[in-house]
Amino acid sequence: MVKTGISTTMEWITRLMEALGSPGAGIAVALENVFPPVPSEVILPLAGFTAGQGKISLVAAILWTTAGSVVGALVLYGLGAWLGVERLRKVADKIPFVTASDVDKADEWFDKHGSKAVFIGRMVPVVRSLISIPAGVSGMPILKFTLYTAAGSLVWNTALILAGYALGDNYELVDRYLGWVSTVVLAALAIAIVWFVVSRVKARRS
């Protein structure tokens, strides 16, 4: 069922690019940032492959997908800004093992390292979309957020589109290998959550 759903989505993305050209790829990436049924690791190499066939411009594909990345990121940034630190502190107090002070510490950390986090985060599977939310929560200036998001997205999109362009019919290899990276990132996040909960339980017992 999952494979069928992905295949259907891929067909829709292909038709979108065929109908609208490079802007279609940009729309697909913008939607992927907010509703990720198919990751950019699939969409971007496909755009590169399509450019290799001469159906869309390679440079235009890079520019439009980067614009789409920024638009999608701004939606999640807006969600984070709406949530805000104060509202998040109230939510944190209702969650087991989490306190308002944890939110304050995270906010302080983001104030110091937010620019690097956004730039590098845009090149890390899974994190690349999620990083926009804490940026909005912390009140990172929207111009700075947009610039660092665009810069990180440009690097990521260019690399994956060029890979798809170079691999041709084998463009799906990009997603296959990056799938391992996504698995590692998810595993690292899971371990971090478990470590956080265990450390809090031990602290309360002591």
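Read the figures in this text as sums done on the coordinates, not as results from a lab. Keep in mind it's a predicted model, so treat the numbers as computed, not measured. As a convention, Cβ positions derive from the backbone with ideal geometry for all residues, glycine included, and neighbour counts pool all protein chains shown.
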Expected vector for region 70-86, Karplus 3J(HN,Hα) from phi with 6.51, -1.76, 1.60 and θ = phi - 60°, integer Hz, x for Gly and Pro, equals 5, 4, x, 5, 5, 5, 6, 4, x, 4, x, 5, 5, 5, x, 5, 4
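Full-extension gain between Val75 and Leu147, please, as 0.36 nm times their residue separation minus the C-alpha to C-alpha distance. Before the final figure, lay out the partial values.
Numbers: separation 72, 0.36 × 72 = 25.92 nm, distance 1.51 nm.
Taking 0.36 nm per residue and subtracting the Cα distance, the gain is 24.4 nm.
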For Val155 and Arg87, extending 7 Å from Cα along the Cα-Cβ vector and measuring point to point gives, in nm, a value of 3.2
Full extension between Ala187 and Asp169 adds, at 0.36 nm per residue less the Cα distance, a length in nm of 3.4 nm
